[in-house]
Structures are given as structure tokens and as C-alpha cells.
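J.: Encoded as C-alpha cells, here's the structure I'll be asking about.
Laboratory data are not the source of any read-out in this text; all were calculated from the coordinates shown. On a predicted model such as this, the values are computed, not experimentally measured, just so you know. Don't worry about glycine lacking a Cβ; one is built from the backbone with ideal geometry, like all the others, and counts go over all protein chains shown.
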Amino acid sequence: MERYRDMQLFAALAEQPSLASAARSVEVSGPTVVRAIARLEARLRVRLLHRSTRGVSLTEAGSAYMADCVRLLAAVDAAEASAKGLHVQARGNVRVFLPFLFSRYVMAPILAGYMDRYPDVNLVAHYHDYYPNLHEEGLDVAILVGELPNSSLIARTVGQVRHILCANPEYLAAHGEPYHPDDLKRHRLIASADQVYWDFQGCQLKARARLNCTTVQGAINAAVHGAGLIRCQSYAVHEHLLSGQLVRILPGFELPALAVQVVYREGRNAPLRVRSFVDHCVTALREHPAFQLA
């Protein structure tokens, strides 16, 4: 029982900025929390906390152990509630990793829908464009685009996206529709750099951009208003394609589709808050119009 109590006291640090506030949150003294962590460090033979004059922070081992403690304690609570015949509600924090642009064009309403459905769960969203290490970074769920490296993570595929070329129909009526990537050299190209290097099936286009936009949204807006051709991932322009403001060009030369996957760690052993978020995202993304185009 002492080991279980020590884990509870250590886990109190997950939601608190200091040992003192963690102790207050579980209604014990500061020295009690300090002794509990010391016992854990002695038993595990690893340092869980960095200690300095500015306070404490989790070590790498401490972060991993914290995630396991929170998960295991939540599982115990859920098991006890189930044994008592109580309905267990998802609650707590879910730390989510989202690709920046994908979140901008697809995920925002899905996150809002989840929060409406699960009012006792708080989402902590991290927006980046790299492949994360869920264990080391203390993340619960990640939405990832592209091929995953070998890992022990659970991945559920929800759809596919492609790099597609598109333009406004009025622009194509005025300038003609290209039938091969080489034809693009005679068109006004919109890109994020002066020089364009676009890969297609069997060839690469090297040309100069007529319009250089520093943001994807700026490039999309320009293409919608007839400034030229844009190449981007399909989810970013799905609404414009469905409305007819943009049309897809050269689909036969597109590169293979990229899988979109919801990735998480513990599988069936994941806490209810994590499982509820994963299930919500999988259902919503599989029905999302952005994936009906790929």
C-alpha cells in the first residue's frame, strides 16, 4: 500500500507547479511528498526530479514514470467505479500533438466537438511539424500524416491526402489547361519560394514562381482569385474543390497518397479520457470531406 500511496503523491505533481502546491492538492505536508518521492527514487534507482533553487522539474525518467503513474492510477479508479456499478465519465487532461497546417484546415471543429461531448476533459494541444516521441514528450495522442517509423505505438488510419495541383476554372479558361508537368512552365505558378521544385510521377518540374507567398493560406487565396496554379496538400483546399472555386489538375501525375493516422500508446489499456478522444477523432476524420477527395 505504501508503494501505491507514493505513486499517488508523485502523480500529484502532474497538475501542480511545485512540491508545496502538490502537497496542498492532496492535503498532506510538503515533507510527506518529499519522502514519498525519495522512496520511489530509491526503489527505482533513478532520479525522478531535477532539484534547484528555482524549484523542481521532472527528469526524462521522471516524465516517463509520471505518465505511467497517471495511467495506472486512472485505471484503478475506473476499475473500482466499475465494481461499484458506477458510470465512469472521461475526465482529466489529454495531451495531443497536431501538425500545424492539418489542424488549421481540419482539426479545429473536431476538437470543439469533442469538448462539447466530454466537458470534464481538458485538451492540451501541441502544434508542430515533426515526428514526435510520445513517450519522451508525455503525449497521449498524435495525428500524423505520412509513413510512420517502426514503433510500439497503436495507429488507426483515418484517411489519405495527396499533394495536388489546382487552379481557378476562370484562370484555366483564359490560359489553357496543362496536360503534362512540362506544360506548367508556361503558366503562372504560385509557391513559397522563387524557385519551384515540384515532384510528379516520373518527373520533376523546375521553374520560377510568378507569385511567392509566405503562407499557404495566402497562396490558396491567390489561386482562388485566378492568380495562377498552386500545389499543396489536398486537405488544405478541400472546401474550395468541393465548391468549385478550384479544380484539380494533372491527377494522373500525382505522387502516391499519404496516410493520415491517429497514434497513441497504450491501446486497450489507455485511460478512458484517451480512448474517448481517439474514438471521437477516428469517427470524425473518417467522415471528413477532406478525405473524400484523395
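J.: Which Cα, out of PRO251, HIS175, PRO271, lies furthest along the positive dipole direction of the chain (beta carbon charges, K/R +1, D/E -1)?
T.: PRO271
J.: Tell me, what HN-Hα J-couplings in whole Hz come from the Karplus equation 6.51 cos²θ - 1.76 cosθ + 1.60 at θ = phi - 60° for each residue of the stretch 237-253, using x for Gly and Pro?
T.: 10, 4, 5, 5, 5, 5, 7, x, 5, 10, 10, 7, 10, 6, x, x, 9
J.: Normalising by the residue count of the chain, find the relative contact order in percent from Cα pairs under 8 Å and 6+ residues apart.
T.: Values: 460 pairs, mean separation 58.7, N = 294.
For the chain, the relative contact order is 20 percent.
J.: If R₀ is 51 angstrom, what is the calculated FRET efficiency for the pair LEU72 and SER192, using the beta carbon separation as r and rounding to 0.05?
T.: Rounded to the nearest 0.05, the efficiency is 0.65.
J.: Let me ask something else about it. How much FRET efficiency would the formula 1/(1 + (r/R0)^6) give for VAL124 and ARG210, where r is the Cβ-Cβ distance and R0 is 41 Å, rounded to 0.05?
T.: For R0 = 41 Å, the calculated efficiency reads 0.45.
J.: Hey, how many Å between the Cα centroid of the stretch 160-224 and the Cα centroid of the stretch 25-66?
T.: 55 Å
J.: Additional query: Would any residue of the stretch 205-239 have its amide N under 12 Å from a label point 7 Å out along Cα→Cβ of HIS163? List them or say none.
T.: 205-206, 231-234
J.: Quick one: work out Rg over Rh on the C-alpha atoms of the stretch 204-271, Rh as Kirkwood radius.
T.: 1.13
J.: Another question, then. Among DSSP beta bridges lying fully in the chain, give the percent that are antiparallel, nearest 5.
T.: Counting only bridges with both partners in the chain, antiparallel ones make up about 65 percent.
J.: Quick query: amide H of ALA270 versus all other amide H atoms, modeled in the peptide plane; which residues come in under 5 Å with a sequence gap of 5 or more or a different chain?
T.: Answer set, sorted by chain and number: none.
J.: Here are labelled values, (1) 15.7; (2) 19.5; (3) 22.3, and one is the computed mean projected area of the Cα convex hull in nm² for what I pasted. Which one?
T.: (2)
J.: Residue by residue through the stretch 197-209, which ³J(HN,Hα) values in whole Hz follow from phi under the Karplus form 6.51 cos²θ - 1.76 cosθ + 1.60 (θ = phi - 60°), with glycine and proline marked x?
T.: 10, 10, 8, 10, 4, x, 6, 10, 8, 10, 7, 9, 7
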